[in-house]
Amino acid sequence: MSVQADSGVVAGITVDSTPVLAPRRRRSTLGIFRNRKAVIGLCILGFFTLIAIIGPYIAPYDPSATSPDSLQPPSPEHWLGTTITGQDIYSQLLVGTRGVMVVGFLAGFLATIISVIVGVTAGFLGGTSDEVLSLVSNVFLVIPALPLIIIIAGLLPSAGGVTIALVIALTGWAWGSRILRAQTLSLRKRDFVEAARANGEPLWRIIFFEIMPNLTAIIASGFIGTVIFAILSEVTLAFIGVTSISTWNWGTVLFWAQSSQALVLGAWWWFVPAGLCIAAVGTSLTLINFGIDEFVNPRLRSTAANAGVLRKKKIRARIGFTPVYREGEPAASRTIPAASRTTKEGVNA
Amino acid sequence: MKFFLRRVAFYLFTAWAAITLNFFIPRLLPGDPVQSLINKFQGRLSTDAVASLYVLFGLNKHTTVWQDYVTYWQNLFKGDLGISFTYFPTPVSEILLQSLPWTLALVGISTVIGFALGTLAGVGLGWRRGTWADNILPVTSFFSSIPYFWLGLIAISIFAVNLGWFPASGGYDPATVPGWSWDFISGAIYHGILPALTIIASSISGWILSMRNMMVTVSSEDYVTVSQAKGLPERKVMLGYAARNAVLPSVSGFALSLGFIVGGTLVAEMVFSYPGVGYVLFQAIGSKDYPLMQGVFLVVTISVLVANMLADVAYTFLDPRTRAEG
């Protein structure tokens, strides 16, 4: 349960008069830390970021070093057991974290830059350039990404982390750019943009200081979504053996588990932890996105919030209730249940 | 009608873009795939095959890129996608024709089931928002963060290796001959259950989330309030008024996420050694079989485009507003 205090009348008016407008940057960054789900997500993500930095130094063994302890179940010497060649799986996971995080965030960063450039330009300029840019992003949206990534990565002689990040970014920007374009289209007709234009502000200033701050939440949400996509793609590529198998990441661990018949041998400790790590990072990012989403879509928030309020009043929330219930003084404070978040990007994440 | 024509034009353009991309990718990337193949096969390739490879990859220095491009299209229309190396000297198109029905059946059935179940569950969860039902959402987000193939590995480990309920790999009983016999078909269904279940399990959460989200948004619309005030049965309000309108973004989202589903299914086939296009791609990667890889990409892309067009048609039937527009 988190309480979001609107700071005075000004913020209240912003929420009420322009319901689709994303809130100001300062509020959204602060608000993120008041959202329980987002905080849990940030904690898990912080943990894995730490592992990515120090993992190779705290790993008890060399992940590639073989030993006579073949296929040992978890024990005090080998916390997560060993592979068929006696490699320490715990060390492999620790060392492999860095590759996963670097590729995920690098690809997310690059894809976000492309989607911002394409989406904002298309939305702001309109006309022919909008038609062309939208067509290109729609094409990339429809062409199945994973087979394309597999083809490109497979053709590259030795695809390392940075290359994979580039390939993923080149194929994964379209979704974000489409959302950004829609939002920019609605923003550029707003009064404050018109006012800036009337004041004679240069184009770059309008884009960077009037439009962009209002897109921060959507850009952040798109970034997180792309990072999830990139991590899943990278791990999948490593698993099917397209990328270089000499560097460790969680997908490589699973690749060796699969190719060494770990399933048939019943070596669950070989393939379960890596999958759980991927799922944990993915879930943490999804939770953060829930937190961001709440600020992007206030209408959804108020409906969900009112459902929670009604539930506390022992009134059954159902379709048909128009959410007009206000608690206490208007616009002073509002209670939001933390357990009613949704995301539009769930399908593609 | 104008709407349809515009969509058809868009899909034709996308198909052209994908095919052109497929033509240019080997040319833009460093390295010479043909040379590495010749090295790998060490004299086992006939000179004809080497020459055709060079044409296929556009590495034949005697022709311009434009001439290669024209030849590439001509070959494509003749159904000539080159010759596979894994199954030398079988043409790529023949291999794809054999594996495509398996993939279409698996993807088709599991996608429709996943979409139907997920959407229904989303309707229910959106209807009961603010109750215990909201606690299911974190679970679904966890499921959507799991890679397909890992879920498949766990399923094999539990249901095939430990419990022995389902076969761990393959698409049919090796003791039967492929054909329209009952033995073969029942075996094929039996082998398909586990891959289909894992695909449904990992795709369902996305549908639940998007449908629930739209149900919550739609629920505050006036027409829902009116229908409720008229005293219509709750079921009718939920399905006939709220869900009917809430499903529209899911249908267009369905079309867009087909690419992701097909991609995931390819990986599922690799895990289960299911004899579809994905498994062919897996073998092609393992043996650096570039013509086969490109053939798989083409077939998958074109299937996704066709499925998208069908989803567009369905969308126009569901939403009268799109029809009025054109």
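The values are calculated or read from the model by the stated rules, or taken from the named source; none is laboratory data. Please read all numbers here as calculations on a predicted model, not as lab measurements. So basically every Cβ, Gly included, is an ideal-geometry build from the backbone, and we count neighbours across all protein chains shown. Just so you know, the surface numbers come from the protein's heavy atoms only, side chains and all, with ligands and any DNA or RNA stripped out. Shrake-Rupley method; radii C 1.70, N 1.55, O 1.52, S 1.80 Å.
Remarks
- Charge sum, other residues only, whose C-beta stays under 12 Å from A:Thr184's C-beta, Lys/Arg counted +1 and Asp/Glu -1: +3
- Spin-label zone in region A:76-91 - amide nitrogen under 15 Å from a point set 7 Å from the Cα of A:Asp62 along the C-beta vector: A:86-88, A:91
- Net charge contributed by nearby residues that have their C-beta within less than 15 Å of B:Pro91 (K/R +1, D/E -1): -3
- Taking amide H positions as modeled 1.01 Å from N, with prolines and chain starts lacking one, the residues under 5 Å from A:Leu80 and 5 or more places away or on another chain are A:Ser75, A:Ile89, A:Tyr90.
- Listed residues B:Ala284, B:Ser252, B:Ser220: farthest to the positive end of the dipole of region B:197-326 (Cβ charges): B:Ser220
- FRET efficiency, A:Phe109 to B:Leu28 (Cβ-Cβ, R0 25 Å, nearest 0.05): 0.60
- Total accessible area lost when B and A pair, probe 1.4 Å, Å² to nearest 100: 6300
- Under 5 Å from the amide H of B:Ile83 lie the amide H atoms of B:Val92, each residue being 5 or more positions distant or on a separate chain, with H modelled from the backbone and absent for Pro and chain starts.
- The convex hull of the Cα atoms of region B:241-326, projected and averaged over all directions, covers 7.1 nm².
- In Hz, Karplus ³J(HN,Hα) per residue of region B:154-163 (6.51, -1.76, 1.60; θ = phi - 60°; x = Gly, Pro): 5, 4, 4, 4, 7, 8, 9, 7, 7, 8
- The Cβ shell under 15 Å around B:Val280 holds other residues with a net charge of -2, Lys and Arg each +1, Asp and Glu each -1.
- Label-point separation in nm, A:Ala182 to B:Asp48, each point 7 Å along Cα→Cβ: 5.4
- Across region A:166-174, rounded Karplus estimates of 3J(HN,Hα) from the backbone phi angles (6.51 cos²θ - 1.76 cosθ + 1.60, θ = phi - 60°) give 4, 4, 5, 5, 5, 9, x, 8, 5 Hz, Gly and Pro being marked x.
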